[in-house]
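Remarks on the structure that follows.
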Amino acid sequence: MTGDATVDGAGQGRGGDWLAGRGAVVTGGGRGIGSAVADALVGAGAGVVVAARSTEEIEMVAERLGATGARVHAVPCDVSDEVSVAKMADRARELLGAVDILVNNAGISGSAPFLRVRVGDWEAMHRVNATGPLLVTQALLPGMLERGWGRIVNVASVVGLKGARYISSYASSKHALLGMTRCLADELAGTGVTVNSVCPGYVDTPMTTRNILRIAEATGRDAAAVRRGLEEMQPGGRFVSPGEVAQAVLSFLPEAAASLQGSELVVRGGSTGPG
């Protein structure tokens, strides 16, 4: 069943290791939302594998969190490549013992007027943002089903719930991700494994900064002015922080969230709708 998600007791992780003994994989874990999600999972007691194409970035995250005594491992992975995903999944199981939690966060973005969308860019966007979560989920879901417990959270976007100018490739890839989530949710009903999505608005991440610079270059505007304009368009008058998205991810993980299946949680600092 799809719908907006509200979890009583979602703060169950505060002040305790409520995910102790659980193993988690976070794709796109080297920066931004992925790094913040890894922080939140570690804070709740989980062992974590951070995966991304950039080995240097995920190793920095693993070193930083590992210094606190947490079980955090860096495993390189290109989610668009089946062989790379299979190797990462095998290594994650070796390091964690079992993978109970998967956060599909890896993604790329870009913009272009519709008539200037190149097929190569379209396919690359879908390969990472939609096919990537398919491949990683297929690699790790069987173990969750065997154990009768699992949590999968896909990081989508508010533009997966609506449209916007100049982002046909990105928005359609996020629509595809939400469609996959809803279909899989129906298949997983009653198994003990849940799959849900968080749909952030603009998040204050390096990806957003790169998008702002692209807009500034394309329009001849000052980057700071572009940023202010985008912030003013947000319901709360600011970008969402990666930590706020991480807390939304965690809201799907407690035992109390077992009835949430195929839900979308919008994170945009204001009104509940996607517009």
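Quick note: the coordinates plus some simple rules give every number you see, no bench work behind them. Just so we're clear, the structure is a prediction, and the values are computed from it rather than from any experiment. Neighbour counts run over all protein chains shown; Cβ positions are idealised from the backbone, glycine included.
Numbers below:
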| item | result |
| --- | --- |
| Residues in segment 122-143 reached by a label modelled at Asp90 [backbone nitrogen below 15 Å; 7 Å Cα→Cβ] | 139-140 |
| Loop-resident sites, segment 104-193, for trypsin sites (Lys or Arg not before Pro), counting at most 10 other Cβ within 10 Å (DSSP) | Arg165 |
| Karplus-derived 3J(HN,Hα), 6.51/-1.76/1.60, for each residue of segment 191-204, Hz, glycine and proline x | 8, x, 10, 10, 9, 9, 10, 10, 10, x, x, 5, 10, 6 |
| The chain: relative contact order as a whole-number percent, Cα under 8 Å and 6+ apart | 22 |
| Cα gyration tensor shape for segment 56-98, rounded if a/c is under 1.5, else prolate or oblate | oblate |
| Extension reserve of the Glu82-Arg64 stretch, reckoned as 0.36 nm per residue once the Cα distance is removed | 3.6 nm |
| Within segment 201-245, trypsin sites (Lys or Arg not before Pro) in DSSP loop having at most 15 other beta-carbon neighbours inside 10 Å | Arg221, Arg238 |
| GNM result for the chain, Cα springs below 10 Å: residue of Val195, Val48, Val226 fluctuating most strongly | Val226 |
| Global geometry of segment 20-103, whether rounded, prolate or oblate, following the gyration tensor of its Cα atoms and the 1.5 cut on a/c | oblate |
| Long-range HN-HN contacts of His73 with modeled amide H, under 5 Å | Val48, Val49, Val50 |
